[in-house]
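Have a look at the structure below, then the notes.
None of the figures in this text is laboratory data; all of them are computed from the coordinates on show. As the structure is a prediction and not an experimental result, all values here were calculated from the model. A quick note on method: Cβ atoms are made from the backbone with ideal geometry, for glycine too, and the neighbour counts reach across all protein chains shown.
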Amino acid sequence: MPYTTNDIKNIESKWQKFWDDRRIFHVQIDPMIPKYYVLEMFPYPSGKIHMGHVRNYTIADVIARYKMMRGFNVLHPIGYDAFGQPAENAAIKNKTSPAQWTGRCISQMHDELKKMGFSYDWDRELSTCDAEYYKWNQWVFIKMFERGLAYKKASSVNWCPDCETTLANEEVINGACWRCKTTVVQKDLEQWYLKITQYAPSLLEDLKKLEQWPSRVRAMQENWIGKSYGVEIHFKVKDFAETISVFTTRPDTIFGATYVVLAPEHPLVKKLTAGTSQEKEVTGFIEKAANKSKSFRMSGDQRKEGVFIGRFAVNPVNGEDIPIFIGDYVLMEYGTGAIMAVPTHDQRDFEFAKHHKLPMRIVIEDPKNPSASVEEMGQAYEEAGQLINSGAFDRISNEEAKNKIAEWMQVRGLGKISIHWRLRDWLISRQRYWGTPIPMIYCASCGIVPVPYEQLPVELPKDVKITGEGGSPLAGVRAFVECSCPKCGKPARRETDTMATFFDSSWYFLRFCSAHHIEEIFDKKDVKYWMPVDQYIGGIEHAILHLLYARFFTKFLKDLELLDTDEPFIRLLTQGMVLKDGEVMSKSRGNTVDPDEVLSQYGADTLRLFILFAAPPEDQLEWNSDGLEGAWRFLNRVYQMVEKRYQQPAVLKPKGEESQKKDDADASLERERNNSVKRVTQSFEEGYKFNTAISHLMVLANAVDKYKVDNGNAAKQNLLNQAIETLVLLLAPFVPHVAEEMWQMMGKNEATIARVAWPSFDENALKTSTIVIAVQVNGRIRAQIQVTPDKPPEELRRICLADQGVAKYVQESAIKKFIVVPNKLVSIVV
RNA sequence: GGGCGGGUGGCGGAAUAGGUAUACGCGCAGGACUUAAAAUCCUGUGACCGUAAGGUCAUGAGGGUUCAAUUCCCUCCCCGCCCACCA
C-alpha cells in the first residue's frame, strides 16, 4: 500500500475544483492566437470508463496541455455518443427507460472523466440524444434528401436476427453483427440509404492529403472504397433481344472467355430462362442460393456451384457462342452482377470450369512453359505474359493489351471503359427506438415528404414501451405516427425507423465548435476558426466505419458551403490496446482493471504517468501493477525534491563573494536540464513518444538528486531551483495535479501552471568541455579516450597510438585506415 | 491469397541520414536504516569464461555490402492486425 506523509493523491480533487471554478479550460475564438483542436473519439456512455478510455483520453489531454503551454488557443471538448441499442437492453433489464438510463450513465461518466483531471472545456459538453443535437441530424438528413443523397430503396439487406434490425455493410464483420456477433442474414426490405458512393472518388483521392494518418488506416479505407479500372463488355444473348453486361479488369483475356456467369439474383435470369428446358433447375438453384447466407457464399474456397440456364451468349470479339450459367460465386453487389469467365487465367473460373467440364483456351503464354496445353493445366495461370490465340493482339504483352483491347472494343461499341467501386451506399435506417427519428412523412397522395425545417426536431417520444422485440417500437405510438401531410394537409404517417448512431457521430466534431448554438447546425465563424481537427485520437476499430462516414459528411457539408475544409481530421493517432496477461483487457475475458480502483489507490497522475510511460501511444500496452507502483514512486520522489530541496528565491540569501565560475557538477546539471527540455519537446513535436519523454524526465530527476548544494551557496541553490522548476514544468502536461501543487509550493505567481510558457533550451549548454571517444581496432572497441571536442584527426591519431589499450593491438606501420567520426569514434584498421 | 505492422536482457521498452546495443523503468540480488516489517536510500544486474585485469558471444535464422549493421540489400522463419470468391 503506497503511503507518504504528504499524500500526492489527495491534492487532486482540490485542483479539479480549481480548474472548474475558474473555467481554466474554457476557450473562445480569438483570431490573434493560433488555434489547436484536439479531439478524442467521444465515448458511448456505458457509465464506467475503462482503461481503453483512460489511455485514449490521457494521450489527448497531454497533447492539449502541451499545446496550451506552447501558447495555442486549444479546443479540447468532450461529449457522449448517447443513442444506441445497449441503452434499450439496459433499460429493459433495469426496468427504466433508455433516456433515464442514459442520463444516469452520462452523469456517472462525467464524474469519472473529471476525476482523471482532463482539460476539457466543459461548457461544450453535449449528448447526441438531446433534441438540441439530434435536431441537426434531421436537418442534415433533409438536406441530403433534397439533393438525392438520402433515398429509400428496396433491396436485399443485412439483418441481425438478434438485434432485430438492419445493418450497414461496414457493420458486418466476417458475416456477423459487429455488436452481438450473431450471424447476419439477408432480407428484402425497403430501407433508407445515404449515397456515400457519390463521394467515392473524392473519398479515395483525398486520402492522399492525409499524410499524417497512419498508413494502415489509409490502406484500409482505400481497400474498402475499392476502385477498379476495367471494361464493361456487352455480350449479346443468342436468339434473344437482350444484352448481358459484364465488368472485367482483364480485357486482355477476352479471347479466352468461354462462358458467362450471372449472379443468381441477376434480373435477367428469369427472363432468359422462361420457357427453356432449364427453367426448373434454375429456379431450384436460385432458391438454394437464397437460403445460404451471404457470408457463407462469400467465405472463400468452397466448391463453386452453378447451373447452365439453357441459353448462349456471343463473345463479341470472336463471335463464338458460349454458354450462360448462374453461379453462387458471382455476387450481385459487385460490378454488374455478371462475369465473363476465363478459366485459363482466373482460378475461380478454372475451378468452376473443371467442375462443369467447360471449354478452356489459353490466351496468355506462360514464359516458363510456352507449350502448355489446357489439358495439363493444374490451375489458372494468373501471371503476366504475351497474348496468344487472340487474333490481331497476338504477341503483345498482356499489360499493354489491357489498354489496347479496351480501346479497340470501345471504338467498336463492344464495350465501355469504366471504373467500378467496392463501396456500397450506406444503409442508415434502424428498426429500433433509441435513435434519431428519420424526419419523413408518408402521404397517400403526395408520397414521401420531408418534415418542414421549422417543425424540427421531430422529437423522440419519451413514453414508449420497450420490449426488445425490435421492429420499430415507434410504429406502436399513435401520437407519433399520425400526422398531417406538410404538403396537402391530409392525414399522413411518420417514418418510424430511427437513424443508425454512426449518423450522430459523423459530424459531432463540428458541433463542438459552437456546441449549443441554437439557430443553425453550427456557427460558421466558430467552425471556420476551429476546423479542421488538428489531432484526432481513437481506436483502430474505427478505421473504416466512423472515419469514412465523418469524411463523407465533411465533404457533403462543404458542398453546402457551410465549411471550408474537405477533410475533418488532419492528424490521426490510433492508440494501441490495453492488455493484461497478454490478452486484450475486456469484460468478456474478465481481465479488466477498474480505473476507479487505481484512482482511489494512487490517484489520476500516477495512472496517467504509468500509461504513458509503459509503451508508445500506438503500441499495445501491457498492464503491470509493479510499473504503476514505479510511477507512484517517481512522483513522490519529485514531490519530495520540491518540498525538501527547493528554496524560494525570496528566502535565498547570497552569502559573500561566491565564485561565479561553474564547476563540473554545475555544468553537468545544466546540461541535463537543457537536454531534458530538448528531448521532451522533441517527443511532442515528432511523433508523440511519451515513453521516452518521461524517461528523460527521470534522467533529469536523477541528475537533480545527485547535485549537491553546500549550505547557503546561493549560486548553486539557484541552479538547483532552476532545474527543479524545469522538471515541474516539463511534467505539467503529464501529471497536471501534482504539477499544480508543486508550482504553488514553489511560490509561483501564475494562477495555473497550465498557462505557464513551455521552457526553452540552450544548445550551447549541451556542450561539454571533454568528451569520451571510443577507439575501435578492426571493428572492436579497444579503448575509450578522453579529449577536448573537435580534435583534428592527426592529433587524435597521436593520442590513440599513445593509449596502452590501443597500442596493444596496433603498430603504427601496420595502419591501413584511420577513420574519424567527429566527437564520437575512431576506427583503426590494421 | 492480398495489405499493413512487429520479432532487442527475466519483463515493459531505448537506440536506425550505419558509428560505443540494452537509455529509462520494473523485477531480482546484496547492503544501510529498523526490535522487526513496510516505506526510503545506496550498490550491482545481457550471457559465458576469469579472483581480477580482461576476453568471447549476443538485437528471430542464414547470407551479403562495409573499417563498422538492431539500422542497408537478399533468402527464409515466427507473431499480431485488417481485408478477402471484388470479376
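Worth pointing out:
- Extension reserve of the A:Ser107-A:Gln28 stretch, reckoned as 0.36 nm per residue once the Cα distance is removed: 25.9 nm
- Cα-projected label distance for A:Ala774 with A:Ile417, points at 7 Å along beta-carbon direction, nm: 5.8 nm
- Förster radius 30 Å - calculated FRET efficiency between A:Glu597 and A:Glu132 (Cβ-Cβ, nearest 0.05): 0.25
- Taking each residue as 0.36 nm, the span from A:Ser202 to A:Asp20 lengthens on full extension beyond its C-alpha to C-alpha distance by 61.3 nm.
- Stretching A:Arg478 away from A:Asn711 to a fully extended chain increases their span by 75.4 nm, per 0.36 nm per residue minus the current alpha-carbon distance.
- Cβ-Cβ FRET estimate between A:Val821 and A:Ser668, R0 fixed at 25 Å, reported to 0.05: 0.60
- Computed over segment A:456-555, the Cα gyration tensor eigenvalues convert (square root of 5λ each) into semi-axes of 33, 20, 12 Å, ordered from largest to smallest.
- Spin-label pair A:Thr243-A:Ser156: with each label point 7 Å from Cα along the Cα-Cβ axis, the two points sit 2.6 nm from one another.
- The charge dipole of chain A, taken about its Cα centre with unit charges on the Cβ of Lys, Arg, Asp and Glu (plus for the first two, minus for the last two), comes to roughly 440 debye.
- Pairwise label distance in nanometres, A:Tyr809 with A:Glu763, each label 7 Å out on the Cα-Cβ vector: 3.4 nm
- Taking each DSSP H run with n ≥ 4 as -39500 (n - 2.57) and averaging over every residue of chain A yields -10500 deg cm²/dmol at 222 nm.
- 0 to 90° range, to nearest 10: angle between helix A:736-745 axis and chain A longest Cα axis: 20 degrees
- Stokes-Einstein diffusion coefficient of chain A, Kirkwood radius over Cα pairs, 20 °C, 1.002 mPa s, in µm²/s: 67 µm²/s
- Helix axis angle, A:545-559 relative to chain A longest principal axis, alpha carbon, degrees: 80 degrees
- Cα principal axis extents for segment A:548-646, largest first, Å: 60, 44, 22
- Distribution of pairwise C-alpha distances over segment A:55-119, 10 Å bins, in %: 19, 36, 25, 14, 5
- Within segment A:695-746, the percentage of alpha carbon pairs spaced more than 18 angstrom apart rounds to 34%.
- Calculated FRET value between A:Ala372 and A:Glu400, using beta carbons and R₀ = 25 Å, to 0.05: 0.70
- Segment A:554-647: trypsin sites (Lys or Arg not before Pro) falling in loop per DSSP and having at most 12 other Cβ within 10 Å: A:Lys587, A:Arg589
- Cα-centred dipole magnitude for segment A:135-256, charges only on beta-carbon of K, R (+1) and D, E (-1), debye, nearest 20: 300 debye
- Stokes-Einstein D for segment A:6-133, Kirkwood Rh over Cα pairs, 20 °C, 1.002 mPa s (µm²/s): 134 µm²/s
- Whole-angstrom gap from segment A:672-698 to segment A:776-830, using each part's C-alpha centre: 33 Å
- The angle between the Cα long axis of helix A:625-645 and the longest principal axis of the Cα atoms of chain A comes to about 30 degrees, rounded to the nearest 10.
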